[in-house]
1. Report every pair of residues separated by at least 6 positions or lying on different chains whose Cβ atoms are under 6 Å apart, first residue within the stretch 12-26 and within 14 Å of residue 43 (Cα to Cα), second of a type in the set (Lys, Arg) and crowded, with 16+ Cβ neighbours inside 10 Å.
2. I'm trying to understand the selection: among the residues of the stretch 116-152, which are of a type in the set (Val, Ile, Thr), farther than 17 Å from residue 92 by Cβ and modelled with pLDDT of 90 or more?
3. Check the stretch 126-133 and report whether any residue there is among the acidic types (Asp, Glu) and either surrounded by fewer than 17 Cβ atoms within 10 Å (Cβ to Cβ) or part of a loop (DSSP other than H, G, I, E, B) (or both).
4. Please go through the stretch 136-152 and give me each residue that is among the aliphatic types (A, V, I, L, M) and loosely packed, with under 12 Cβ neighbours inside 10 Å, ordered by number.
Amino acid sequence: MIEITIRLKPGRALHFAALLRAIADLEGDRGQAKHYRGGARQIERHTRTRRPRPQRPAQRPQRPASRTDSVRPFRYTPRVQRPHHPGIDESAVQRVLLGLRPLPILSRAEARLACWHLTGDGCSAPEIARRLSVAQRTINRWRAEDRQAATS
């Protein structure tokens, strides 16, 4: 997963959103094009001008507006596109267990199996989450479900 933070002025942000839409039209992968359009939609939503509210008399003095007040941070992280094949690719799971780079993207079933093996090897939840490209909370949930299944 790649996470990018970009600071743009509102006028430039709309231009960037238009560029994302143009890239989406040229993109061959439908899923990636969908992510580009989603990013463009989020940028446009964050840069919309709001109607000014009627000014009420100020009870305390207002601080002077700084340049950074007008710029809102925007963060876009695309979801991981996981494979949807029915079986488990043992070689991909082994690559993740051994930490061989580049780490493959695993299906949910493969990621859960790898989590089980890495937990048995004594790896921490943050390390497993980083290797499998899932949230640490997901690792904790899978571990709790495995413990519950073992006690039943």
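The values are calculated or read from the model by the stated rules, or taken from the named source; none is laboratory data. Treat the numbers as computed from the prediction; the structure is a model and nothing was measured. FYI the Cβ positions are ideal-geometry reconstructions off the backbone, even for glycines, and counts take in every protein chain you see.
1. Between residues of the stretch 12-26 that are within 14 Å of residue 43 (Cα to Cα) and residues that are of a type in the set (Lys, Arg) and crowded, with 16+ Cβ neighbours inside 10 Å, there is no close pair.
2. Filtering the stretch 116-152 for residues of a type in the set (Val, Ile, Thr) gives 119, 128, 134, 138-139, 151.
Retained after the next criterion (residues that are farther than 17 Å from residue 92 by Cβ): 119, 138-139, 151.
Those that are of a type in the set (Val, Ile, Thr), farther than 17 Å from residue 92 by Cβ and modelled with pLDDT of 90 or more: 119, 138, 139.
3. Residues of the stretch 126-133 that are among the acidic types (Asp, Glu), as a first pass: 127.
If we keep only those that are either surrounded by fewer than 17 Cβ atoms within 10 Å (Cβ to Cβ) or part of a loop (DSSP other than H, G, I, E, B) (or both) as well, we get 127.
Yes, the stretch 126-133 contains a residue that is among the acidic types (Asp, Glu) and either surrounded by fewer than 17 Cβ atoms within 10 Å (Cβ to Cβ) or part of a loop (DSSP other than H, G, I, E, B) (or both).
4. Step one: filter the stretch 136-152 for residues among the aliphatic types (A, V, I, L, M), giving 139, 144, 149-150.
Those that are among the aliphatic types (A, V, I, L, M) and loosely packed, with under 12 Cβ neighbours inside 10 Å: 144, 149, 150.
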